[in-house]
Amino acid sequence: MSENRQNVLSMQNVVMQFGGVRAIDELSLDVNKGEIVALIGPNGAGKTTAFNCITGIYTPTSGEVSFNGKNLKGNSPDEITKLGIARTFQNIRLFSNLTVFDNVLIAKHLRAKDNVFTATLRLNRAEEKRMREETAQLLKEQGLYELKDEIASSLPYGLQRHLEIARALATQPELLLLDEPAAGMNPQETQELTDFIVKIRDQYKLSIFMIEHHMDLVMQISERIYVLNFGKLIAQGTPDEIQSNPEVIEAYLGGSEDA
């Protein structure tokens with residue numbers, strides 16, 4: 001299934017050490033073009049640390065993280081976003097006092113072609129107009145346009161999560177990292193999110209790598225799953241293979257579900 005696809009993300013023998021603790025221990029994994037891949041594991045497994053190594057928040061102690069064959073070491077989070085990796089967070093990080101429209105517009109500015117010179121001479125009006133038009137179009141595509149003037153913090157939780165993903169899409173990513181997108185959602189909202197993730201993967205030709213504790217969501221849409229426990233990769237495979245893996249079952253019986 002994934003063997004014939006182009007590799008997008010690769011982590012090779014990644015170690016992330018904090019003092020005497022190895023939060024990530026010789027982790028190797030990959031995500032291929034167009035895939036939905038999940039990273040799961042019990043509390044303290046190192047999942048969010050792995051995301052932080054990918055997005056430049058942490059620089060791995062050793063090993064290599066590459067995106068489309070480019071080593072990401074030394075790149076800042078902003079630079080990595082410009083390369084084509086976008087991320088959401090377990091705890092929603094919207095500009096809570098700004099409107100829905102402005103939250104997405106700010107993300108669009110990351111792709112702006114203007115510079116200090118053009119901005120100073122007010123020569124960037126066409127660029128600003130283009131970004132505002134693209135923001136409006138994205139909000140229409142995501143069913144959020146009617147809410148464009150609403151303050152982000154006033155939205156129901158599920159819509160705030162939807163807006164955060166829309167803001168990530170505004171950076172025109174090739175790879176989208178979702179950190180527990182279903183956190184705090186009820187079963188109906190989780191199913192709607194499940195359908196939504198598949199929809200945006202297809203609509204925007206994305207590769208999606210997600211951390212998630214809702215196993216119904218993971219098993220329904222993931223093509224491959226990696227399982228971490230205490231920083232080590234203990235299993236990888238299809239949903240069916242993971243569900244029947246004794247080591248995975250033991251890891252989950254021994255831990256609580258948290259990042």
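Structure summary
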quantity: In range of the label at Gln6: residues from the range 179-219 whose backbone nitrogen is under 15 Å from the point 7 Å along Cα→Cβ; calculated: 205-208
quantity: Max mean-square fluctuation residue, GNM over the chain, Cα-Cα springs under 10 Å, options Ala126, Ala170, Ala182; calculated: Ala126
quantity: Which of Thr238, Thr171 has the fewest Cβ neighbours within 10 Å, and the rest in rising order; calculated: Thr238, Thr171
quantity: FRET efficiency for Thr59 and Phe95, using Cβ-Cβ distance with R0 set to 25 Å, rounded to 0.05; calculated: 0.40
quantity: Relative contact order of the chain, pairs being alpha-carbon contacts under 8 Å that are 6 or more residues apart, as %; calculated: 29 percent
quantity: Fraction of beta bridges assigned by DSSP in the chain that are antiparallel (%, nearest 5); calculated: 55 percent
quantity: Whichever lysines have a C-alpha closer than 27 Å to that of Lys140, once near sequence neighbours (fewer than 8 apart) are set aside; calculated: Lys33, Lys82, Lys108, Lys113, Lys129, Lys148, Lys199, Lys205
quantity: Rounded FRET efficiency, nearest 0.05, which uses the C-beta distance separating Gln17 from Asn68 and R0 of 25 Å; calculated: 0.40
quantity: Cα-based equivalent ellipsoid of the range 63-204: semi-axis lengths in Å, sorted from largest, via gyration tensor; calculated: 25, 22, 13
quantity: Helix-only mean residue ellipticity at 222 nm for the chain, each DSSP H run of n ≥ 4 adding -39500 (n - 2.57), per residue, nearest 500; calculated: -10500 deg cm²/dmol
quantity: 15 Å beta-carbon shell around Asn245, net charge (K/R +1, D/E -1); calculated: -2
quantity: Approximate spin-label separation Gln243-Glu150, in nm, with each point projected 7 Å along Cα-to-Cβ; calculated: 3.5 nm
quantity: Binned Cα-Cα distance frequencies in the chain - 10 Å width, integer %; calculated: 7, 29, 35, 21, 7, 1, 0
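Any read-out appearing in this document is the output of simple, stated calculations on the displayed coordinates, not a laboratory observation. Since this is a predicted model, take the numbers as computed values, not measurements. Note: ideal-geometry Cβ built from the backbone for every residue, glycine included; neighbour counts use all protein chains shown.
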